[in-house]
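Worksheet: one structure, shown below.
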Amino acid sequence: ANNYFFNVNYTFSRLEGNTSGLANSDYWDGGAADGSSATRASPGVNRFFDWPLSGFNALGELEDGPLATDRPHVLKAYGGYTFDWWKSSSNATEISFFTQAMSGTPQTTVIDFGVPLVATKRGDMGRTPTFTQTDLSLSHSYKFGRDGRFKVVGDLTLLNAFNENNITALDPRKFFHNYIGETEFVPEFADGSGYGVAGFQYTTQFMNAVLNGEAAPFIQALDTPLNRNQAFGQPSAFQGKRNIRFGFRFIF
């Protein structure tokens, strides 16, 4: 009405469970022995159902809890104004905004043994700070041709217009290496001659310990000064920087 448009909405929701679904937004995934791994975003390739210990934490307890995309509070608003240049039939300029404020997401300590395991419980690291962002847009259109059937539009869009730098993730890896201490449990391979077999036997023992709720000694074996991740719990991902886009459209 009167060249204005706007909308404001608020959503309250909860998202809990023990798997994030087809794409893994959950926590670190991978399985490299050096701790290097990355979230698997492609549908159907996460490793949640690959191993029998999936769905349990590192102490053998069920890991149900808030999932990684749980944002209980979400507030969104958008609006704008169209300058019609004194009722011009050919020129119009529109200024608009979109803004959002959302709860931070749960952060969970992970221990990786071929597949990542929740260390104690989901969300044990708390949440990332509240996420906020405002986008702005300016566009000018010019109509021409018979009955104004053609239109040329120039656009200017500012994503994250105020260049906010909110934290979006914390480093969840408590330890660097998965198999530290394996020769303590399989000493016959201490010379490294059978690393693959030793790793398999160690992991099998760990799986059994997890499923029996007796994994604490294995976790303690990882906890050495050189194996502690000094970046654990520190920010590891941030909001994208301000992005300015120019566009040109021909509408017919």
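The values are calculated or read from the model by the stated rules, or taken from the named source; none is laboratory data. Quick caveat, the model's predicted, so the values are computed rather than measured. Note that we place each Cβ from the backbone using ideal geometry, even for glycine, and neighbour counts take in every protein chain shown. Accessible surface areas use protein heavy atoms only, side chains included; no ligands, DNA or RNA. Shrake-Rupley method; radii C 1.70, N 1.55, O 1.52, S 1.80 Å.
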Along segment 211-227, what does the Karplus equation 6.51 cos²θ - 1.76 cosθ + 1.60 (θ = phi - 60°) give for ³J(HN,Hα), rounded to whole Hz, x for Gly and Pro?
-> 5, 9, x, 10, 8, 3, x, 5, 5, 4, 5, 6, 7, 10, x, 6, 9
For segment 6-18, in order, what is each residue's ³J(HN,Hα) by Karplus, 6.51 cos²θ - 1.76 cosθ + 1.60 with θ = phi - 60°, in whole Hz (x at glycine and Pro)?
-> 7, 7, 10, 9, 10, 10, 10, 8, 9, 9, 10, x, 10
Under 14 Å by backbone N from the virtual spin label 7 Å along Cα-to-Cβ at GLU164, the residues of segment 110-143 are 128-136
Peptides 232-241, 213-222, 144-153 ordered by average Cβ neighbours within 10 Å, highest first = 213-222, 232-241, 144-153
Between LYS121 and SER13, how many nm apart are label points set 7 Å from Cα along the C-beta direction?
-> 2.5
With a bin width of 10 angstrom, please list the P(r) values of segment 80-141 as percents of all Cα-Cα pairs, from the 0 bin to the one holding the largest distance.
-> 18, 23, 17, 15, 13, 11, 4
Mind checking which lysines have their C-alpha under 29 Å from LYS76, skipping anything on the same chain fewer than 8 residues away?
-> LYS241
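Taking a 1.4 Å probe, which of GLU16, GLU164 shows the most accessible area, and what order do the others take after it?
Accessible-area ranking of GLU16, GLU164, largest first: GLU16, GLU164.
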At a Förster radius of 35 Å, what calculated FRET efficiency corresponds to the Cβ-Cβ distance of GLN205 and SER42, to the nearest 0.05?
-> 0.65
THR130's amide H: which non-local residues (gap 5+, or another chain) put their own amide H closer than 5 Å, with H modeled 1.01 Å from N in plane and none for Pro or chain starts?
-> GLY104
Under the 7 Å Cα-to-Cβ spin-label approximation, TYR81 and ARG245 lie apart by a distance in nanometres of 2.5
Would you mind working out the accessible area per residue for segment 46-182, using a 1.4 Å probe, and quoting it in Å²?
-> 48
